[in-house]
Amino acid sequence: VIHTPHGEAQPPKSFPTGIVIGVTVPLVTIILALVAFWFSPWRRRWNRERILVDNPPRVVHNAPRVVDNVAPDSHPPNLALLTTSFPAVGLPAVVQATGNFSEANIIGKGGFSVIYKGELDGYGTVAVKRLKQDSLSEKIKGDYAREIVLMSRFTHANLVKLLCYCQENAECILVYEFMRNRSLNLYIFATVRRR
């Protein structure tokens, strides 16, 4: 109690507790609901559907017709049957294009293959993917055949074009277009970086 010349007065009250609770509880509830929605699977699904509607995949089906149903666990199929109109190239042409698979022409290595830069008649500068001889299991040969089938069917802005293949003398080779002065990462991740 405060004594003033006009009598006793009550100290001024701060905000009433009921108002503070009445404002804080709904505000915290709304914030928690927004956070829950942000991390929810519904939001991810909604966002994924929105992206697909805004940016439909651009796949062009203009490649040569090949046999369907190449099962993932099947034995390596006969490529002559699979790629009736997709070009094959002879091993001597690939050997000449890469300088007999010269170390100086290596532009990349993977677990199962080595990539060479080469000059192939009729195609110009190419990237030659040669499967390593010591990794040619039946599964790898099947994957090689499926890669030819799939890459000969589709074209896409983020896929390097498969030009031809070679399967001679136990060699499994894919010949791709060569991306001059650029990393493939620039093509693959370009739209992600712009966002």
Subtracting the Cα-Cα distance of residue 91 and residue 30 from 0.36 nm times their residue separation yields 15.2 nm
Sort 134-140, 90-96 by packing, meaning the average of other beta carbons within 10 Å per residue, with the highest value first. 90-96, 134-140
Which entries of 109/132; 117/141; 117/161 show an alpha-carbon separation above 18 angstrom in the structure shown? 117/141
I'd like to compare 146-155, 100-109: which one has the highest average count of other Cβ atoms within 10 Å, and what's the full order after that? 146-155, 100-109
Distance (nanometres) between label positions extended 7 Å along Cα→Cβ at residue 143 and residue 21: 6.4
With the Cα gyration tensor of segment 82-175 giving a ≥ b ≥ c as the square roots of its eigenvalues, does the rule (a/c under 1.5 for rounded; else a/b larger than b/c for prolate; else oblate) give rounded, prolate or oblate? rounded
For the pair residue 112/residue 171, report the inter-label distance in nm, with labels modelled 7 Å from Cα in the Cβ direction. 2.0
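Each reported figure results from applying straightforward, stated rules to the coordinates on display, with no laboratory input. All values reported here derive from a predicted model rather than from experimental measurement. Cβ atoms come from the backbone with ideal geometry, glycine included; neighbour counts cover every protein chain shown.
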